[in-house]
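Below is one structure, written out as structure tokens; the observations come after it.
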């Protein structure tokens, strides 16, 4: 396949994955039914979109150097050594090559910096928690902080991890609700959700001007919470879990569940940005929907695999 056609094809894929495809996915209802399946698709979109964007710029920049990728790369190396460029090389070709190199370097360095920064913050936080908290009934990895607000979160890490609860939460929730919260937070730790969240956070921070990066980060954050909810549902019933989520996330009484179960409410907690992850989760638990069928799940997985492989196939055939 000629390099210019491959560049155009990757450009089309990049545009589709940058706007219409993620927009439709973000507005769909089915991800809440099978959040783990939807998470795979979002990761494929991010990977394929990034590879297509960089690959399109790279291939377009290599057009003056030959009609095949390998030939073009060899010719580019020869040109750099000799200090000359092909006669038909334009400013746009040089700009595209530079953009491909800068963009890929920027994304990789930002990913590395995001993980390093997060690990430093985690270690600092873990040290403070170890000093300012107490074990929960001798349970390993469970810490209790003296704070009146209902708080629950996990601190992941390769060496040390912890699930942190506040005394305010333990006073507010009953035993089953506490068990639901613990199961939810442990699911985050076991399934390493922080790695997925950091990857999408890195993508958003590297490309803050890219609208879909913010939409993807928000969508993935909600899906990860729903996946952890599904794990907690094995230990407690849905209403107990929904009540715990409402009490901890909203700091309100269980009556808010009535509004959430209707799916229509003018209450401020529904629209508050800080609580955007709570309302959909409560609504989902109070209005049970069947997960995707096996056929639909298979179709999503096939789509995700096709998206992930498409840029590599186009590049190899160039």
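The values are calculated or read from the model by the stated rules, or taken from the named source; none is laboratory data. No experiment lies behind these values; they were computed from the predicted model shown. Ideal geometry is used to build each Cβ from the backbone, glycine not excepted, and the neighbour counts take in all protein chains shown.
Quick rundown of the values:
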item: Per-region count, region 1-18, residues assigned to a helix (DSSP H, G or I) and surrounded by fewer than 17 Cβ atoms within 10 Å (Cβ to Cβ); result: 6
item: Members of region 220-236 found to be free of Cβ contacts under 8 Å to residues at least 60 places away in the same chain and in a loop (DSSP other than H, G, I, E, B), listed by number; result: 233, 234, 235
item: Single condition residue 208 does not satisfy, out of (1) within 16 Å of the chain's Cα centre (by Cα); (2) in a helix (DSSP H, G or I); result: (2)
item: Single unsatisfied condition, residue 261 versus (1) modelled with pLDDT under 90; (2) over 25 Å from the mean Cα position of the chain (by Cα); (3) surrounded by 19 or more Cβ atoms within 10 Å (Cβ to Cβ); result: (3)
item: Only one of 73, 37 that is more than 30 Å from residue 278 (Cβ to Cβ) and either crowded, with 20+ Cβ neighbours inside 10 Å or at pLDDT below 95 (or both); result: 73
item: First in region 114-136 and within 26 Å of residue 199 (Cβ to Cβ), second anywhere and in a helix (DSSP H, G or I), Cβ under 7 Å, 6 or more apart; result: 114/198; 114/201; 114/202; 114/205; 115/198; 118/198
item: Residue that is assigned to a helix (DSSP H, G or I) and either surrounded by 13 or more Cβ atoms within 10 Å (Cβ to Cβ) or touching a helix residue (DSSP H, G or I) at 6+ places or on another chain (Cβ under 9 Å) (or both), where the choices are 80, 103; result: 103
item: Residue match in region 19-34 (condition: within 25 Å of residue 284 (Cα to Cα), touching a helix residue (DSSP H, G or I) at 6+ places or on another chain (Cβ under 7 Å) and not in a helix (DSSP H, G or I)); result: yes
item: Filter pass, residue 217 being modelled with pLDDT under 75, assigned to a helix (DSSP H, G or I), under 21 Å from the mean Cα position of the chain (by Cα) and on the phi < 0 side of the Ramachandran plot; result: no
item: Condition broken by residue 191, with the remaining ones in (1) closer than 30 Å to residue 47 by Cα; (2) free of Cβ contacts under 8 Å to residues at least 60 places away in the same chain; (3) touching a strand residue (DSSP E or B) at 6+ places or on another chain (Cβ under 9 Å) satisfied; result: (3)
item: Residue tally, condition over 11 Å from residue 62 (Cα atoms) and touching a residue at least 40 places away in the same chain (Cβ under 8 Å), over region 77-99; result: 1
item: Residues located in region 150-177, provided they are farther than 30 Å from residue 112 by Cα and touching a residue at least 40 places away in the same chain (Cβ under 8 Å); result: 150, 169, 172, 173, 176, 177
item: Any hit, region 48-58, residues being more than 18 Å from residue 312 (Cβ to Cβ), touching a helix residue (DSSP H, G or I) at 6+ places or on another chain (Cβ under 8 Å), in a helix (DSSP H, G or I) and modelled with pLDDT of 90 or more; result: no
item: Some residue of region 134-154 being part of a helix (DSSP H, G or I) and either in contact with a helix residue (DSSP H, G or I) (Cβ under 6 Å, 6 or more places away or on another chain) or at pLDDT below 95 (or both); result: no
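Residue-by-condition table, conditions (1) at pLDDT 95 or above; (2) surrounded by 15 or more Cβ atoms within 10 Å (Cβ to Cβ); (3) at positive phi:
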{"site": "278", "(1), (2), (3)": "no, yes, no"}
{"site": "290", "(1), (2), (3)": "no, no, no"}
{"site": "295", "(1), (2), (3)": "yes, no, no"}
{"site": "299", "(1), (2), (3)": "yes, no, no"}
{"site": "306", "(1), (2), (3)": "yes, no, no"}
{"site": "317", "(1), (2), (3)": "no, no, no"}
